[in-house]
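Encoded as structure tokens, the structure appears first; notes follow it.
The values are calculated or read from the model by the stated rules, or taken from the named source; none is laboratory data. These numbers were taken from a predicted model, which means no experiment stands behind them. Please note: Cβ atoms are built from the backbone with ideal geometry, for glycine as well, and neighbour counts cover all protein chains shown. Just the protein is used for accessible areas: all its heavy atoms, side chains included, with ligands, DNA and RNA removed. Shrake-Rupley method; radii C 1.70, N 1.55, O 1.52, S 1.80 Å.
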Amino acid sequence: MNPQDDPRSQVPPEDRTVIDLVAAQYSPPPMTAIRRASFRQRLSDRLVQRARTRWAVGFVSAAAAAAALLLVARWQPVSIDDTAAISTDTPLLYAYVDPDEYSADSMDYLPAEYRVIADALDDEDAASNPQRR
Amino acid sequence: MASVADDIRTDLQLQSQTRDFEAFVEARRDAAVRLAYRLLGGDAATAEDVAQNAFLRAHRALPRFRGDAALSTWFHRILVGEVRRHQRWQALRRLWYSDAEVAETADPTPQSDPVLRRRIAEAMQRLTAAQREAFVLVHLEGFTIEQAAAILGKATGTVKSHMHRALESLRNQLGDVAAARSE
């Protein structure tokens, strides 16, 4: 680099004094041998710890991936059987689904007491209007 | 057997890498701690922690180092990144805790005047983070403007501008002390 391009060479003397003052006073205390050894040891411990953590994370990830693969391999889609979904064992339920198919007589799906009333009404209706029968 | 030979070779490579990294740390430790100290505002213990984090990050990233930047620039970029991360974390902590709980410790410095050091530290703290970074890298650590721009990820013009403003601020705050000491 051209010395004239260096901003440090272009600093006026009064600013140079300020920079020198800051450079001299704004530094950490020199590291003692004990602190250096402590720094080295802590860094070494953290590197070992990180390597162990990475190994453990890798192991757990691999186990989780294997479990997921096993789950996918053993999974079978559940088929929904439309005919089995609605049981025809209960006549009443089937009657509610399609009463006309259950019985030729549309009144059969009604409870007995209602059926008596319905029959009576039908009879009355038939008596008053014979053409409908 | 090939597998045993491979194992031995891998082991030797790892040992060599470990030795290289130890040498790398040994060569840059003091400068890294000093730079972190100056950027963080005068806390030696925190500066050591931040420098350690930077070395750890460098260790992780070393296999991906492509060599398209100088190793020094590359490492200092990591270090400045760690300093910024720490400062963001400190700012967050200040939001949650009172200032007293996050009070930064002043280091005992038997070799100099504690009042003067405190005054200089306060003057440095009054600079913006960008001004402090530019001033420290160029004027205190001796990087060129181009190197500082590469480390900070900024244009050279921006770095010059920050340096100029930093120097102006420090001159206003410390000019009297500097003049008295130069007499």
Seminar exercise, completed: Taking segment B:19-50 and keeping residues open to solvent by 40 Å² or more (accessible area, probe 1.4 Å), within 10 Å of another protein chain (Cβ to nearest Cβ) and touching a helix residue (DSSP H, G or I) at 6+ places or on another chain (Cβ under 9 Å) leaves B:GLU22, B:GLU26, B:ASP30, B:ARG34, B:ASP49
Exercise. What is the residue count in segment B:113-158 for residues that are open to solvent by less than 20 Å² (accessible area, probe 1.4 Å) and among the aromatic types (Phe, Trp, Tyr)?
Worked result: 1
Exercise. Out of segment A:49-73, which residues are under 30 Å from B:ARG34 (Cβ atoms) and open to solvent by 70 Å² or more (accessible area, probe 1.4 Å)?
Worked result: A:GLN49
Exercise. Any chance segment B:54-62 includes a residue that's out of contact with any helix residue (DSSP H, G or I) (no Cβ under 9 Å at 6 or more places or on another chain), closer than 22 Å to A:SER38 by Cβ and within 13 Å of another protein chain (Cβ to nearest Cβ)?
Worked result: no
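Looking at segment A:28-46, which of its residues are within 7 Å of chain B (Cβ to nearest Cβ) and more than 43 Å from the chain's Cα centre (by Cα)? Break it down into steps so the answer makes sense when it comes.
Quick first cut of segment A:28-46, residues within 7 Å of chain B (Cβ to nearest Cβ) only: A:28-29, A:31, A:39, A:42-43, A:46.
Listed by number, the residues that qualify are A:PRO28, A:PRO29, A:MET31, A:PHE39.
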